[in-house]
């Protein structure tokens, strides 16, 4: 079986909310990565306000002119077991989110990632997804599933770069992908933060 999503070695995130780590993106930007908490709902709202309509459409599959309070609370209120979400922060602002939603007795989970437009293309989505895969693997997951709009070529390129061996199919105007995790022993540890 080919393994696709790389699991980072090195420092580990706590699997419970409240702790995290600092990481440096390819361009030198420093972000804090940590599990989401319900208190992040209003930070999510501020991030939502900075997203382009195209980014919102590609993440939520429809135009969303205004983030509803109930939606924000749902996105921020994960159980940190079957459902997990990591946020990346610059200062006090959330600039990226990666989330998986699993099911009992299943070994895969649906995954979604969104990065603020100003930081797209700098490696933040990759960093978040790899950290999330590490947590998922520790909880017994073997793979992520993802659904992407057919027009979202950037997400497809992102997935192909991160998981070249992923099984991707086009179905009803959407790409449906199954990306098994790589074995942690096959992945080199990331460089330490300098």
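Side notes on the structure shown:
- For residue 70, the stated conditions do not hold, so it cannot be described as within 16 Å of the chain's Cα centre (by Cα), surrounded by fewer than 18 Cβ atoms within 10 Å (Cβ to Cβ) and part of a helix (DSSP H, G or I).
- Single residue of segment 162-173 satisfying the filter (surrounded by 15 or more Cβ atoms within 10 Å (Cβ to Cβ) and farther than 15 Å from residue 109 by Cα) that is modelled with the highest pLDDT: 168
Matching residues to (1) modelled with pLDDT of 90 or more; (2) touching a strand residue (DSSP E or B) at 6+ places or on another chain (Cβ under 9 Å):
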residue: 87; (1), (2): yes, yes
residue: 90; (1), (2): yes, yes
residue: 104; (1), (2): yes, no
residue: 128; (1), (2): yes, yes
residue: 132; (1), (2): yes, yes
residue: 182; (1), (2): no, yes
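- Residue 78 meets all of the listed conditions (1) farther than 24 Å from residue 53 by Cα; (2) modelled with pLDDT of 95 or more but one, namely (2).
- Single match in 122, 157, 134 (criterion: outside any loop (DSSP other than H, G, I, E, B) and either surrounded by 15 or more Cβ atoms within 10 Å (Cβ to Cβ) or touching a helix residue (DSSP H, G or I) at 6+ places or on another chain (Cβ under 7 Å) (or both)): 134
- Number of the condition not met by residue 28 [criteria: (1) more than 29 Å from residue 105 (Cβ to Cβ); (2) touching a strand residue (DSSP E or B) at 6+ places or on another chain (Cβ under 9 Å); (3) at pLDDT 90 or above; (4) part of a loop (DSSP other than H, G, I, E, B)]: (2)
- Cβ-Cβ distances below 8 Å connect no pair with a first residue in segment 29-57 that is at positive phi and in contact (Cβ under 8 Å) with a residue 60 or more places away in the chain, a second residue that is buried (at least 16 other Cβ atoms within 10 Å of the Cβ) and not in a helix (DSSP H, G or I), and a separation of six or more residues or different chains.
- Residue match in segment 107-116 (condition: closer than 21 Å to residue 32 by Cα, in contact with a strand residue (DSSP E or B) (Cβ under 9 Å, 6 or more places away or on another chain), modelled with pLDDT under 75 and assigned to a loop (DSSP other than H, G, I, E, B)): no
- Residue within segment 46-61 that is modelled with pLDDT under 80 and part of a loop (DSSP other than H, G, I, E, B) present: yes
The values are calculated or read from the model by the stated rules, or taken from the named source; none is laboratory data. This is a predicted model, so every value here is computed, not measured. With ideal geometry, Cβ positions are generated from the backbone for all residues, glycine too; neighbour counts draw on all protein chains shown.
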